[in-house]
Amino acid sequence: MAICELCKKKTVVGRRSKHKRGVASAKFSNKAKKVSRFFRPNLQRVTRELDGHKVSGLFCTACIRKMKQSEKIREEETKEREKKKGEEIKTVKSVKTVEKVKAAKAVKTKRTVKKKK
């Protein structure tokens, strides 16, 4: 029996009746016959990368969609982190240059003050 490896979805047995008439007589001669049928999940063999590991197996289409969605979310999060890191580096560099400029101005003002005396 095929089973989804993530959600454990599997084949379910149900019953269907051929028609809905014929319970009126005492002998039930026209009673609708009930036939068992199978509800099978839509399973696909897929190879995906989950948490840095390649995973291959049978997954239902709902789980495949969830995996794709989580991959997109992870990619967006990593892009945002990279942007933030880039901005932090820029701000650190700009802070350092501002400090250097302030230090240079302080040195110039000290020299001019000494000369005036």
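The values are calculated or read from the model by the stated rules, or taken from the named source; none is laboratory data. Nothing here was measured: the structure is a model prediction, and the numbers come from that model. So basically every Cβ, Gly included, is an ideal-geometry build from the backbone, and we count neighbours across all protein chains shown.
For the stretch 37-80, name all the residues that are part of a helix (DSSP H, G or I), modelled with pLDDT of 90 or more and over 13 Å from the mean Cα position of the chain (by Cα). Correct list: 61 only. Between a residue in the stretch 30-55 that is over 14 Å from residue 5 (Cβ atoms) and free of Cβ contacts under 8 Å to residues at least 40 places away in the same chain and any residue that is among the polar types (S, T, N, Q) and assigned to a loop (DSSP other than H, G, I, E, B), which pairs come within a Cβ distance under 6 Å, given they are 6 or more apart or on different chains? Final answer for the pair search is 38/11; 40/11. Checking the condition at pLDDT below 85 and loosely packed, with under 10 Cβ neighbours inside 10 Å, which residue from 18, 34, 8, 83 passes? So the residue among 18, 34, 8, 83 that is at pLDDT below 85 and loosely packed, with under 10 Cβ neighbours inside 10 Å is 18.
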